[in-house]
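Structure record follows, encoded as structure tokens.
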Amino acid sequence: MKILITGGAGYIGSVLVNECIKLNYDITVIDTFKYSQTSLLHCCNYPKLRLIKGDCRDKELIKNELQKADCIIPLACLVGAPLCESQPFEAASINRDSIFLILDFLSKSQKLIFPCTNSGYGIGKDNIFCTETSDLNPISTYGKLKVEAEKRIIDNGNGITLRLATVFGVSPRMRLDLLVNDFTYKALREKSIVLFESHFKRNYIHIQDVVQCFIHCLNNYEKMNNETYNLGLSNANLSKKELCHEIEKIIGPFEIIETHGKKDPDQRNYIVSNEKIENTGFKASTSLEIGIKELVRAYTALHPIPFRNY
Ligand SMILES: NC(=O)c1ccc[n+]([C@@H]2O[C@H](COP(=O)([O-])OP(=O)(O)OC[C@H]3O[C@@H](n4cnc5c(N)ncnc54)[C@H](O)[C@@H]3O)[C@@H](O)[C@H]2O)c1
């Protein structure tokens, strides 16, 4: 299998590359290494890994590399609402237009797996699970661009799109701006969390489950193709406050300060059904408890420097 991964040095990408090495794939990564990350250094002894320091918007580069690949997983992105609000033009060209560029060159025999976000569900209805047919109402620039890219992929007729829940867990390119990672860090290091919109619910998923699901999609491509799937941990539709209590169970008490002065730039309050992907034979299984314990171990070794996208 020849796999092309853009953004492969990122939070998800660097764990995915590791998994692809175990599977003996030919791997090409295109990444700008925007965060000066060293997340793939431990992979460089693998002879079938090619690292290209390049931009996913480079037409010639994408055209040339795509024609050598059996599949592409485009992860390159300005990820998160705050980053996209501050750089809206960059965000549009990277998060949306670079996906359109791939579609211009993708053949029917090649596989495409695209990570979208489930934040497009916006504010859901009380106690009603969002399914893949629920209305989308992305609020942030980030959410809107991801949804536009997803729509074009499905309209194009070849590609699997996954609406990821908020990812948690440890990666060689760590991100502390993700909710579970952030809360666990603050609870551990600062012994307090300031909570706004504390009752807002979200769904979560461990990074290893995301990576295993990409592999599941590759292995079951024909039967899953041209569909969108929610991807989250089904027993983890929790409010921010409930998440704090899960963290408390593991690391002990810390201060929870509730405030009403702030809003999430990506308004999201919903519960999500993952039944459709589960019916294809994949079920996320790494619990919040396992992930929080893993984070606690990692944070013991992490200097307090800003591993954030904003
Ligand atoms: N982490 C999550 O919770 C989550 C949830 C839903 C969807 N996703 C999606 O998963 C993908 C990966 O997210 P992540 O969490 O790994 O983020 P990340 O910020 O760690 O990774 C993005 C990678 O893209 C690279 N990059 C940025 N601009 C580039 C460009 N112009 N050309 C080439 N490379 C470029 C960065 O250097 C980085 O390695 C994104 O598409 C994101 O929208 C992530």
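The values are calculated or read from the model by the stated rules, or taken from the named source; none is laboratory data. Computed from a predicted structure; not experimentally measured. Here the Cβ is made from the backbone with ideal geometry for all residues, glycine too, and neighbour counts use every protein chain on show.
What residue, of L101, L112, is in a strand (DSSP E or B), more than 15 Å from the chain's Cα centre (by Cα) and in contact (Cβ under 8 Å) with a residue 24 or more places away in the chain?
L112
The residues of segment 115-137 that are surrounded by fewer than 22 Cβ atoms within 10 Å (Cβ to Cβ) and within 16 Å of the ligand (Cβ to nearest atom), listed by number, are G122, E132, L136.
Give the residues of segment 37-54 that are within 18 Å of M174 (Cβ to Cβ) and within 9 Å of the ligand (Cβ to nearest atom), sorted by residue number. Steps first, please.
At the first step, the residues of segment 37-54 found to be within 18 Å of M174 (Cβ to Cβ) are 37-43.
Hits for segment 37-54 are Q37, S39.
The test for being without any contact (Cβ under 8 Å) to a residue 60 or more places away in the chain, in a loop (DSSP other than H, G, I, E, B) and within 15 Å of the ligand (Cβ to nearest atom) holds for R57.
When you scan segment 180-187, do you find a residue that is within 13 Å of the ligand (Cβ to nearest atom), at pLDDT 95 or above and farther than 16 Å from I250 by Cβ, even just one? Within segment 180-187, none of the residues are within 13 Å of the ligand (Cβ to nearest atom), at pLDDT 95 or above and farther than 16 Å from I250 by Cβ. Within segment 82-98, the set of residues being within 11 Å of the ligand (Cβ to nearest atom), touching a residue at least 60 places away in the same chain (Cβ under 8 Å) and over 27 Å from E222 (Cα atoms) comprises L83, C84.
Checking the condition in a loop (DSSP other than H, G, I, E, B), in contact (Cβ under 8 Å) with a residue 12 or more places away in the chain and within 15 Å of the chain's Cα centre (by Cα), which residue from V170, V147 passes?
On the way: V147 fails: in a loop (DSSP other than H, G, I, E, B).
Result of the check over V170, V147: V170.
Restricting the search to strands (runs of 3 or more DSSP E) fully inside segment 219-297 and requiring at least 3 residues that are in contact with a helix residue (DSSP H, G or I) (Cβ under 9 Å, 6 or more places away or on another chain) and either among the polar types (S, T, N, Q) or surrounded by 16 or more Cβ atoms within 10 Å (Cβ to Cβ) (or both) gives 227-231.
Taken over segment 193-218, the residue count meeting the criterion of being of a type in the set (F, W, Y), part of a strand (DSSP E or B) and buried (at least 18 other Cβ atoms within 10 Å of the Cβ) is 1.
In contact with a His (Cβ under 7 Å, 6 or more places away or on another chain) and of a type outside the set (D, E, K, R): which single residue out of F282, F214 fits that description?
On the way: F214 fails: in contact with a His (Cβ under 7 Å, 6 or more places away or on another chain).
None of the others qualify; the one that does is F282.
Considering every residue within segment 14-27, establish whether at least one is in a loop (DSSP other than H, G, I, E, B), over 17 Å from the mean Cα position of the chain (by Cα), near the ligand (Cβ under 7 Å from one of its atoms) and surrounded by fewer than 21 Cβ atoms within 10 Å (Cβ to Cβ). Within segment 14-27, not a single residue is in a loop (DSSP other than H, G, I, E, B), over 17 Å from the mean Cα position of the chain (by Cα), near the ligand (Cβ under 7 Å from one of its atoms) and surrounded by fewer than 21 Cβ atoms within 10 Å (Cβ to Cβ). Figure legend. Inter-residue proximity from segment 269-291: first residues more than 22 Å from L136 (Cβ to Cβ), second residues small (G, A, S) and surrounded by 18 or more Cβ atoms within 10 Å (Cβ to Cβ), beta-carbon distance below 9 Å, spacing 6+ or different chains. Indicated pairs: K283/S234; T286/G169; S287/A236; L288/A236; I290/G169; G291/G169.
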